[in-house]
Amino acid sequence: MNAADRQRPPPGELYLDHVSHFVADLDAAARVCEALGLRVTPTSVQRTPEGPVGASNRCVMLEAGYIELLSPTHDTPAAARMRALMRRYEGVQLVCFGTPDAAGEHQRLAAHGYEPQPLVDLAREVAGGSARFKVVRPAPEKMPEGRIQFVEQLTPEALWRPSDVNALRLEEVFVVAEDPVQAAARWARFAALIPQPDADGVRLETARGRIFVGTRAAVAKLLGEAPPPPAIAGYALGGGQPKTLLARCKEAGVAVQKCGARHAAKLPAALGSVWHIG
């Protein structure tokens, strides 16, 4: 089974599909990733049947999930919302769950008061052909930590091409909240997951990947720092050779510190946020 075949969750399950860094300069963000030894895809423009969404991206495809570099490039409502989020802090602003049933998630969110926006059919041209997917987003105020959404991958083979895949996995996302119990309960209802107490916070487990919700102090203990709540502070990468990735970070001048059993790498401003490596 290749990487593309592993990206669609089975019926009734969710995966942690991807995170997105909202960046001002796509190429500068890509150069940071390349300096750390990662392969980055060429620029592509997101479109709906009605026209451009207002953003372009480049991606770091992983064996499990991916990292998106996303930049507002047009004057559209979606691009305006991105720019508003970027004024808060630099770094990861989007968390996306992979689902086998976008329409079902849309119905469930509507029934639970998340006031989802209309189901979106997105596409973008990539080297592997046309990538197509369905996206479900709640009303922005319902998930104040960032843009939190679902995606149903319709053409994973167009995205996860063997030549683009990096030997890493997206394992966990760290969410900062004023009241972690209350925020985790809201995330749990959103994703139909069961919250579990975990040390200084609350964890939500998908079939592949986790969400940790904690106070700013609790998340900073894991990552070395954290933005004020509500926010997404960073994410954990696993697989591959952690020592090699850490060495590349140090060679590139990225600040690395030991945080418990793992390491935290503070990414340059062109990318923002923190990697949790171990």
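Conditions (1) at pLDDT 95 or above; (2) within 19 Å of residue 137 (Cα to Cα); (3) within 17 Å of the chain's Cα centre (by Cα); (4) crowded, with 16+ Cβ neighbours inside 10 Å, marked per residue:
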residue	(1), (2), (3), (4)
2	no, no, no, no
5	no, no, no, no
14	yes, yes, yes, yes
43	yes, no, no, yes
64	yes, no, yes, yes
67	yes, yes, yes, yes
89	no, no, yes, yes
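With respect to residue 33, is the statement that it is within 21 Å of residue 231 (Cα to Cα), crowded, with 17+ Cβ neighbours inside 10 Å and in contact (Cβ under 8 Å) with a residue 24 or more places away in the chain true?
No; evaluated as a whole, the condition is false for this residue.
Taking the range 60-80 as the search range and keeping residues that are in contact with a His (Cβ under 8 Å, 6 or more places away or on another chain) and not hydroxyl-bearing (Ser, Thr, Tyr), which one is farthest from residue 92 (Cα to Cα)?
Applying the filter and picking the extreme gives 65.
What tally of residues in the range 152-171 results from selecting those that are closer than 24 Å to residue 117 by Cβ, touching a Lys or Arg at 6+ places or on another chain (Cβ under 7 Å) and crowded, with 18+ Cβ neighbours inside 10 Å?
Total meeting the criteria: 3.
Just the residues that are of a type in the set (S, T, N, Q) and within 24 Å of residue 173 (Cα to Cα), please, taken from the range 81-116.
Answer for the range 81-116, where residues must be of a type in the set (S, T, N, Q) and within 24 Å of residue 173 (Cα to Cα): 93, 99.
Can you pull out the residues in the range 45-56 that are crowded, with 20+ Cβ neighbours inside 10 Å and in contact (Cβ under 8 Å) with a residue 40 or more places away in the chain?
Matches in the range 45-56: 46, 53.
Kindly establish whether residue 129 is touching a helix residue (DSSP H, G or I) at 6+ places or on another chain (Cβ under 6 Å) and on the phi > 0 side of the Ramachandran plot.
yes
Run residue 174 past the list (1) in the same structural domain as residue 223 (by TED's automatic domain parsing); (2) at positive phi and report the number of the one that doesn't hold.
Checking residue 174 against (1) in the same structural domain as residue 223 (by TED's automatic domain parsing); (2) at positive phi, the one that fails is (2).
Going by the conditions given, is residue 141 over 18 Å from the mean Cα position of the chain (by Cα) and either part of a strand (DSSP E or B) or of a type in the set (D, E, K, R) (or both)?
yes
Across the range 262-278, what is the number of residues that are touching a Gly at 6+ places or on another chain (Cβ under 6 Å) and assigned to a loop (DSSP other than H, G, I, E, B)?
Going through the range 262-278 one residue at a time, the tally reaches 2.
Suppose we filter the range 208-227 for residues that are free of Cβ contacts under 8 Å to residues at least 60 places away in the same chain and either of a type outside the set (Gly, Ala, Ser) or in the same structural domain as residue 90 (by TED's automatic domain parsing) (or both); how many remain?
Qualifying residue count for the region: 9.
Looking at (1) surrounded by 16 or more Cβ atoms within 10 Å (Cβ to Cβ); (2) over 30 Å from residue 31 (Cβ atoms); (3) in contact (Cβ under 8 Å) with a residue 40 or more places away in the chain, which one does residue 175 not meet, given that it meets all the others?
(2)
Being under 14 Å from the mean Cα position of the chain (by Cα) and at pLDDT 95 or above narrows it down to one residue among 58, 39; which is it?
When all the criteria are applied, what remains is 58.
The values are calculated or read from the model by the stated rules, or taken from the named source; none is laboratory data. Computed from a predicted structure; not experimentally measured. Virtual Cβ from ideal backbone geometry, glycine too; neighbours counted across all protein chains shown.
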